[in-house]
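Notes follow once the structure below has been shown.
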Amino acid sequence: MASWPLPRLMRTADFDFDLPDDHIALRPAEPRDSARLLVVKDGALEDWIVRDLPGFLRPGDALVFNDTRVIPARLSGVRQRIGAEGETLTVEVEATLHHRDAPDVWSAFMKPGKRIKPGDRIRFGAEVDGACLLGRLDATVVDMRFVKPMDEALVREMADSHELLVTIEENAIMGGAGAAVSEFLARENVLRSVLHLGLPDVYVEHAKPSQMLAECGLDAAGIEASVRQRMQLLGL
């Protein structure tokens, strides 16, 4: 019986290559048609520039234009996991965003992938650069989407897995999304501390939106201060 060699599995590491920083183009060439052009001719590689391209074209040739744009899709973070002795184990990881599956869900390539397991929490951003609020507050951010009908399963999931719920809305608190959350928790007999952040029941002087939000404590600094104050009261 003849035996056939098993096909070799393709690995992402097969595509790794060394690319020195000084070989990476940080901005388009000026003028644009002075950019370098690599030509494969009779199996040999030749260096030309983009403005030479028309000289290589023949009747019937097909041009394929790539109009995609690069997005800042690489995120650096720290994986956090509780060890056998209750200690916090951390390791630096990197996520490259691949596909947006939902408004708040992305598929991503993780590196090193072997260090990530389902249920791991990864903290992106840092307190020193202010790139992400999670660098300062250990929070889960969700979008309620609608007040009516409210996503009760989502609210219940957050209440079961968190010690403090914070609702934020550019609306009056009374009769708003936060009030609906509290009413739902009371109806379900779920005891959970809830902090409602929203517009005060007073006249707010007209100004730039950013200034008005800051005055109402709804900018990043105001939200963080309110949450920290409540956490201190709760001993969290």
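The values are calculated or read from the model by the stated rules, or taken from the named source; none is laboratory data. No experiment lies behind these values; they were computed from the predicted model shown. Here Cβ is always computed from backbone atoms with ideal geometry, including for glycine, and neighbour counts include all displayed protein chains. Ligands, DNA and RNA are stripped out before the accessible areas are found, and what is left, the full protein with its side chains, is counted by its heavy atoms. Shrake-Rupley method; radii C 1.70, N 1.55, O 1.52, S 1.80 Å.
List of remarks:
- Helical runs (DSSP H, four residues minimum) scored at -39500 (n - 2.57) apiece and divided by the length of the chain put the mean residue ellipticity at 222 nm at -5500 deg cm²/dmol.
- Average accessible surface area per residue within the stretch 134-236, 1.4 Å rolling probe, Å²: 67
- Gap separating the Cα centres of the stretch 65-116 and the stretch 184-236, nearest whole Å: 30
- Loop trypsin sites (Lys or Arg not before Pro), the stretch 8-42 (other Cβ atoms within 10 Å of the site Cβ: 15 or fewer; DSSP): ARG8, ARG11
- Taking 0.36 nm per residue of sequence separation and removing the Cα-Cα distance, the LEU63/ASP22 pair yields an extension gain of 11.8 nm.
- Between 0 and 90°, nearest 10: helix 177-187 axis offset from the chain longest Cα axis: 60
- Computing Cα Rg over 2.2 N^0.38 Å directly from the structure and comparing it against (1) 1.19; (2) 1.52; (3) 1.72 singles out (2).
- Here LYS114 is the anchor, and no lysines lie within straight C-alpha reach of less than 22 Å, apart from those fewer than 8 places off in the same chain.
- Relative contact order, percent, the chain [alpha-carbon distance under 8 Å, six or more residues apart]: 9
- Sites counted here are chymotrypsin sites (Phe, Trp or Tyr not before Pro) in a DSSP loop (not H, G, I, E or B) having no more than 13 other Cβ atoms within 10 Å; the longest part of the chain that contains none of them is 66-145.
- Extended-chain gain in nm, criterion 0.36 nm per residue less alpha-carbon gap, TRP48 and GLU30: 4.9 nm
- Share of carbon and sulfur in the accessible area of the chain stands at 56%, probe radius 1.4 Å.
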